[in-house]
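**Q** There's a structure below that I have some questions on.
Laboratory data are not the source of any read-out in this text; all were calculated from the coordinates shown. Keep in mind it's a predicted model, so treat the numbers as computed, not measured. In this analysis, Cβ positions are derived from the backbone assuming ideal geometry, glycine residues included, and neighbour counts consider all displayed protein chains.
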Amino acid sequence: QVQLVESGGGLVQAGDSLRLSCAASGTSSSYAMGWYRQAPGKEREFVASMSWSSTTDYAHSVKGRFTISRDIAKNMVYLQMNSLKSEDTGVYYCARGWSLHGMNDWGKGTLVTVSS
């Protein structure tokens, strides 16, 4: 059974950087991995994803500021977030699926709060 555990969230100021981590167990490198977020009062939205072949995709709002990466040997996925803005505030979820936009399994999330 797959388990995805996020960490690294916290309270930062606008312009700061933060790196989120996702520890994946019970999975393999054949899957795509991704990050989604949910702001207060809003629906969950796509942030970034990476396929098994390292193809990546990003939401327009984070392109150029966020970078997704994975360490297959450690079963870890990361989201490096730079130049954070208040609108990046939300709960960030790690996800696993068969395609860049087809996620089936989710972690419980880690909260990121960006103060302006």
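**Q** Which value in nm describes the separation of the simple spin-label points at Lys42 and Gln3, placed 7 Å from the Cα toward the beta carbon?
**A** 3.2 nm
**Q** If you take every residue apart from Gln3 with its C-beta less than 15 Å away from the C-beta of Gln3, what net charge results, scoring Lys and Arg +1 and Asp and Glu -1?
**A** Net charge in that neighbourhood comes out at +1.
**Q** What's the extension gain from Trp98 to Lys85 if we count 0.36 nm per residue and subtract their Cα-Cα distance?
**A** 1.6 nm
**Q** Right, another one. Please compute the Kirkwood hydrodynamic radius over region 16-116, one decimal place, Å, based on all pairs of different Cα atoms.
**A** Mean inverse Cα-Cα distance, inverted, gives 13.5 Å.
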